[in-house]
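In what follows, a structure is listed as structure tokens, so that the remarks can point back to it.
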Amino acid sequence: MTATAAVPTSDVDPFSHEVLEDPLPMHEQLREAGPVVYLSRYDTYAFARYEEVRAALVDWQDFSSAAGVGHANFRYEEPWRPPSLLLEADPPRHDAPRRVLTKVLGPRALRRLREDWSADAEALVDAVLAEGTTFDAAPALAGAFPLRVFPDAVGIPADGRENLLPYGDHAFNAFGPANDLVAKGAPRVAELSAWVASRCAREALGDDGFGAQIWAAADRGEITPAMAPLVVRSLLTAGVDTTVHGISAVLHAFATHPEQWQRLRAEPGLARVAFDEAVRWESPVQTFFRTATGDVEVGGVVVPDGRKILMFLASANRDPRRWADPDVFDLSRDPSGHVGFGFGIHQCVGQHVARLEAETLLTALAARVERIEPAGPPRRHHNNTLRAWASIPVRVTPV
Ligand code: 4IA
């Protein structure tokens with residue numbers, strides 16, 4: 001191996017509660033340290049700048065997902081659940097399940113859902129406003145709306161849906177190291193995993209939802225019948241907490257940026273851009289790992305074969321090398337190119353579903369609420385992977 005530049009080293013713990021409460025100072029430190037940083041505490045490499053994060057996401061040949069996209073290296077450690085056929089796989093194995101989900105979650109499906117989801121959003125906002133003008137937007141809107149529309153769209157029955165968020169919360173913690181957040185979820189893992197698995201069976205799913213369409217793809221031979229339940233599981237893992245926290249992010253952004261809320265009210269067509277800007281600004285999915293498939297050189301540093309690299313999506317999304325005034329939430333910016341949904345072959349297959357949820361909810365809210373402002377300090381929910389709010393107290397002025 002040729003001599004390479006010394007790697008800047010940091011002993012920061014990205015998964016400590018102090019950092020989870022406010023990761024932004026650490027992001028800046030890591031970006032400034034260099035294109036590649038060695039995290040001594042985890043014996044892991046890290047990319048925190050936009051250019052390297054995006055390049056690694058695109059380069060699936062050198063930066064593999066098949067050894068897991070969390071801290072655990074599946075070359076040496078047993079995964080806590082059977083690996084995802086999409087997220088934790090490389091081509092060619094990744095491709096058939098991906099094609100199936102791309103179609104199931106594609107434009108045709110969304111055209112069918114838009115009208116219903118708009119009506120659901122209006123009904124939810126009306127019900128919340130009927131209760132009062134001061135409320136906690138985290139549970140009342142961000143938590144409630146995805147749970148109202150998404151499980152129906154998948155086709156799972158009503159009972160047990162209260163398990164979805166705790167299952168997702170644990171799954172996203174489990175991408176991190178085995179810290180207290182993972183230990184907190186451990187007692188319920190068996191029960192929650194069994195419940196989710198039971199909902200992925202053909203018989204458990206309604207006949208015209210995303211779940212049934214995944215099974216229909218298996219009937220057509222596009223994936224094997226053994227793959228179908230795991231593809232349904234991907235929807236139930238990746239599709240709930242992410243949208244809840246993405247919607248929280250955009251609601252918190254508007255509560256703290258009244259002038260941006262006025263822009264949205266004047267031009268409701270900005271709802272989609274607003275959601276993408278909030279995904280850039282907040283990055284509900286903060287981090288993901290990849291694994292080097294050989295000795296890979298990046299920025300004069302060799303990341304050795306088989307080693308994990310922690311990619312800070314959130315930091316890339318606020319890298320001043322890529323974004324003007326990155327810390328400002330601004331609807332006049334073009335947020336496209338952000339890596340909040342990932343990038344490359346694994347880029348979020350459900351992003352259009354997420355955008356439709358956010359768009360219908362924001363549109364309903366913008367038509368009914370003139371002002372939205374903080375009614376108390378918001379409170380974070382800590383998760384090893386997700387940037388989340390437990391509570392966003394707001395006061396609104398109905399039109
Ligand atoms: C899966 C990246 C995150 C949103 C995600 C989590 C789980 C899965 C996919 C994506 O289980 O397939």
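The values are calculated or read from the model by the stated rules, or taken from the named source; none is laboratory data. From a predicted model like this one, the values you see are computed outputs, not experimental measurements. In this analysis, Cβ positions are derived from the backbone assuming ideal geometry, glycine residues included, and neighbour counts consider all displayed protein chains. Just so you know, the surface numbers come from the protein's heavy atoms only, side chains and all, with ligands and any DNA or RNA stripped out. Shrake-Rupley method; radii C 1.70, N 1.55, O 1.52, S 1.80 Å.
Computed extension gain for Asp305 through Asp22, at 0.36 nm per residue and net of the alpha carbon distance, reaches 98.7 nm. Spin-label model, Gln61 to Asp95: label points 7 Å out along the Cα-to-beta-carbon direction sit 1.4 nm apart.
The orientation-averaged projected area of the convex hull spanned by the Cα atoms of region 1-126 comes to 12.6 nm².
Rolling a 1.4 Å probe over the heavy atoms of the protein chains gives region 60-131 an accessible area of 56 Å² per residue.
Membrane-span-like helices of the chain, defined as complete DSSP H segments with a Cα extent of 24 Å or more along the helix axis and a mean Kyte hydropathy of at least 1.0, are absent.
Both radii were evaluated on the Cα set of the chain; the Rg over Rh quotient, with Rh as the Kirkwood radius, amounts to 0.96. Once the Kirkwood radius over Cα pairs is known for region 1-67, the Stokes-Einstein relation at 4 °C and 1.567 mPa s delivers a diffusion coefficient of 98 µm²/s. Expressed per residue, the C-alpha convex hull volume of region 109-157 stands at 75 Å³. Between Glu370 and Ser336, the contour length at 0.36 nm per residue exceeds the Cα-Cα span by 9.5 nm. Using 0.36 nm per residue and subtracting the Cα-Cα separation, the extra length available between Asp116 and Arg81 on full extension is 9.2 nm. By accessible area, using a 1.4 Å probe on protein heavy atoms only, the chain has 54% of its surface on carbon and sulfur. Model label sites at Ala194 and Glu259, defined 7 Å from Cα along the beta-carbon direction, differ in position by 5.6 nm. The dipole here belongs to the chain: it is taken about the Cα centre, uses +1 on the Cβ of Lys and Arg and -1 on the Cβ of Asp and Glu, and is about 560 debye. Treat each spin label as a single point 7 Å out from the Cα along the C-beta direction, and report the Asp295 to Arg380 distance in nm. That separation, rounded to one decimal, is 3.9 nm.
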